[in-house]
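Notes to accompany the following structure.
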Amino acid sequence: MAPAPSPLAFIPFVSVENMMRLVHHFGIETMLRELTDAIEADYLRWHLFEKTPRLASHSKEGVIELMPTSDGEAFAFKYVNGHPSNIAKGLQTVAAFGLLARVDTGYPLLLAEMTLLTALRTAATSAMVARRLAPAGSRVMAMIGNGAQAEFQAIAMKAIVGIEEVRLFDIDQAATQKVARNLAGSGLRVVPCDTSEDAIEGAHIVTTCTADKVYATILSDNMVGAGIHINAIGGDCPGKTELHKDILGRAATFVEFEPQTRIEGEIQQMDDSYPVTEFWKVLSGEAQGRTDARQITLFDSVGFAVEDFSALRYVLGKLEGTEYFQQLDMVADPDDPRDLFGMLQRAAA
Ligand SMILES: NC(=O)c1ccc[n+]([C@@H]2O[C@H](COP(=O)([O-])OP(=O)(O)OC[C@H]3O[C@@H](n4cnc5c(N)ncnc54)[C@H](O)[C@@H]3O)[C@@H](O)[C@H]2O)c1
């Protein structure tokens, strides 16, 4: 009989099923709060991270991206796609998985589904930024684009920023009805709207979270009044934006990692002299956040590798003492490290 793998061969794997059990076990609001704090703690260690714009492979239907980063002790990468045309085929727009590894040996520490985890970390990141930049006393948010990310965004804004009312708009009414159904009982007042103008009426925070691989105008300049915070999630790829550029001309714009956002964010519409502030500087006190009540603040979110790193490390920590993972025989670990071939031969026995 072939020898059994050594303990070193096994890596915890969090499947979609186990990720869902983990979220239900701890509660989604608790997880979003803790994840927000975990991402914020890593943003405060910004200088330690190896940072690079993500590696993107574009096609006419969408994009497949690899997002690596390391803090010198752990290394993480996420595989993620963005295919707006998938919905029409009955498939998700975004699907992802990720891996965390030790830097000192290169051995993996965790493999996890990241489709759900991306929705959680994107919502946590939006809330982390909004709690610093949104106008004081923000209670109403508009959610334009009611797809896969929408409920996560709304619940994070409730749990972390104190949002009480969410106003929904999507070009597809079925999507709005889905969100309204899913958020019933969440504690949020849910208001489905017939137009995006209606949705942003009275909103302190406007989240745009649509998917189309075009320069779209989800918000035009005349729709945006003074004093709001815009959380722009959906423009995250070259040739894919959501805001009219005149809004950028009026807003104070905050980004994750400037070199990546210049390629992928709303600011791809502006020239390189357009001023932006990397958000970690607001947290560290090196830059100002919102400076007055009438200012329009814009978080030009594209999603950055450090957020996925934080999410994977957070999940690894939460696994302790639970059964919400499987052990995957993932690393070949021969008794004699040089005898890889011998290990293969013995397996035939
Ligand atoms: N910034 C980030 O970190 C981050 C993370 C995850 C996803 N995203 C992006 O967020 C977007 C949304 O992701 P998703 O998974 O919810 O996608 P999804 O396809 O599930 O939902 C998108 C929704 O937008 C609606 N929509 C399209 N055009 C619209 C318009 N003009 N007005 C109103 N609604 C419109 C669609 O009907 C759909 O319901 C995608 O573009 C995705 O790439 C960004």
With label points set 7 Å from each Cα along the Cα-to-Cβ direction at R338 and A180, the distance between them in nm comes to 7.1
Enter the angle in degrees (range 0 to 90, nearest 10) between the Cα long axis of helix 16-26 and the first principal axis of the Cα atoms of the chain, meaning the one along which they spread out most. 70
What ranking of S59, S220, S273, S126 emerges when the number of other C-beta atoms within 10 Å of each C-beta is taken as an exposure proxy, fewest first? S273, S59, S220, S126
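DSSP loop GluC sites (Glu not before Pro) in segment 266-333 with at most 12 other Cβ atoms within 10 Å of their Cβ, which ones?
Values: sites: E266, E278, E286, E307, E320, E323; in loops: E286, E320, E323.
Here the GluC sites (Glu not before Pro) that fit, given the DSSP loop and packing criteria, are E286, E320, E323.
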Long-range amide H contacts for T277: which residues qualify at under 5 Å (H placed 1.01 Å from N, peptide plane, sequence gap of 5 or more or a different chain)? T253, F254, V255
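How big is the chain by the Kirkwood estimate over distinct Cα pairs, in Å? Don't skip to the end; give the middle numbers.
Details: mean 1/r = 0.0474 Å⁻¹.
Answer for the chain: a Kirkwood hydrodynamic radius of 21.1 Å.
Using the beta-carbon distance between E201 and D37 and R0 = 22 Å, what value does 1/(1 + (r/R0)^6) give for FRET efficiency, to the nearest 0.05?
Numbers: r = 32 Å, r/R0 = 1.47.
So the FRET efficiency works out to roughly 0.10.
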Segment 226-322: which trypsin sites (Lys or Arg not before Pro) are DSSP loop and have at most 15 other beta-carbon atoms within 10 angstrom? R294
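Suppose only helical runs count, i.e. DSSP H with n ≥ 4. What mean residue ellipticity at 222 nm does that imply for the chain under -39500 (n - 2.57) per run, divided by all residues and rounded to the nearest 500 deg cm²/dmol?
On the way: 11 runs with 111 residues, N = 349.
For the chain, the value works out to -9500 deg cm²/dmol.
Kindly work out what percent of the DSSP beta bridges joining two residues of the chain are antiparallel, to the nearest 5. Intermediate values should be presented prior to the final figure.
Details: 30 of 61 bridges.
For the chain, the DSSP antiparallel bridge percentage is about 50.
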Can you give the FRET efficiency for E164 and A4, using 1/(1 + (r/R0)^6), R0 = 35 Å, r = Cβ-Cβ distance, to the nearest 0.05? 0.05
Please arrange K51, K158 by how many other C-beta atoms lie within 10 Å of their C-beta, fewest to most. K51, K158
Nearest 10 degrees, 0 to 90: what angle lies between the long axis of helix 173-183 and the longest principal axis of the chain (Cα atoms)? 70
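What full-extension length gain, to one decimal in nm, is calculated for Q345 and H58 as 0.36 nm per residue of separation minus the Cα-Cα distance? Walk me through the numbers before you get to the answer.
Values: separation 287, 0.36 × 287 = 103.32 nm, distance 4.15 nm.
Extra length available between Q345 and H58 comes to 99.2 nm.
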Excluding residues fewer than 8 places away in the same chain, name every one of the lysines whose C-alpha is closer than 22 Å to that of K213. K60, K78, K89, K240, K245
One finds the C-alpha centres of segment 1-50 and segment 215-266 to be spaced, in Å, by 31
Looking only at lysines whose Cα falls under 19 Å of K158's and that sit 8 or more positions away or on another chain, we get K178
Rg in Å to one decimal, and Dmax rounded to a whole Å, for segment 175-279 via C-alpha atoms: 14.8, 46
Residue order, fewest to most beta carbons within 10 Å, for L243, L8: L8, L243
DSSP bridge orientation in segment 129-303 - percent antiparallel, rounded to nearest 5: 5
Taking the chain as a Gaussian network, where each spring joins two C-alpha atoms under 10 Å apart, which residue of A95, A305, A174 fluctuates the most? A174
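Every read-out reported here was derived from the displayed coordinates using simple, explicitly stated rules and does not represent laboratory data. The structure presented is a predicted model; accordingly, all values stated were derived computationally and were not measured. Glycine also receives a Cβ, built like all others from the backbone with ideal geometry; neighbour counts cover every protein chain displayed.
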